[in-house]
Structures are given as structure tokens and as C-alpha cells.
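Since the structure comes first, as C-alpha cells, the remarks are kept for the end.
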Amino acid sequence: MIYPSIDKILNIVDSKYRLVHIIAKRSREMSTLGNYQKPINTYISKKNLGRALEEVAEGYIILKGEQK
């Protein structure tokens, strides 16, 4: 089971394709730079893809051009 739920995140991001692009880019950033938005031990997910999803769900990543 993926945490956080994709359904909840799609209320924030307008399309699942844009979500995939954002998460992939942020995950690569975490891997290469080691830059995290919150302390590493506070993430529920152990992998960077899950951590990036958590950041979007909690509002750490602000999306430009959102219509909502």
C-alpha cells in the first residue's frame, strides 16, 4: 500500500501524469543532492518516491500554475 494515497494527492495535482513527473523529479533530487524538506526520521516511507509523495501531500512542494 502506498502512503499517502494517490487519490488524496490527485486533489492537489490536476493530473496523474503531472504527478508522476513531479515525483520523479523530486525523487532524483533527493537521491543526487540528499536534500530533504523535513528531518529524514520523520518520513513514513523508506524510499525517495514515497518521501516525495509525502512532501506533495503535506504541502512542502508548491506547484506553479495550479487552477485549484
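For the range 26-47, what are the residues that are closer than 17 Å to Ile6 by Cβ and more than 9 Å from the chain's Cα centre (by Cα)?
Passing the criteria: Ile44, Ser45, Lys47.
Within the range 26-40, how many residues turn out to be of a type outside the set (Gly, Ala, Ser) and surrounded by 12 or more Cβ atoms within 10 Å (Cβ to Cβ)?
7
Throughout, read-outs are computed from the coordinates displayed, never taken from laboratory work. The shown structure was predicted, so the numbers you read here are calculated from the model rather than taken from an experiment. Reconstructed Cβ throughout: ideal geometry from the backbone, glycine too, with neighbour counts over all protein chains shown.
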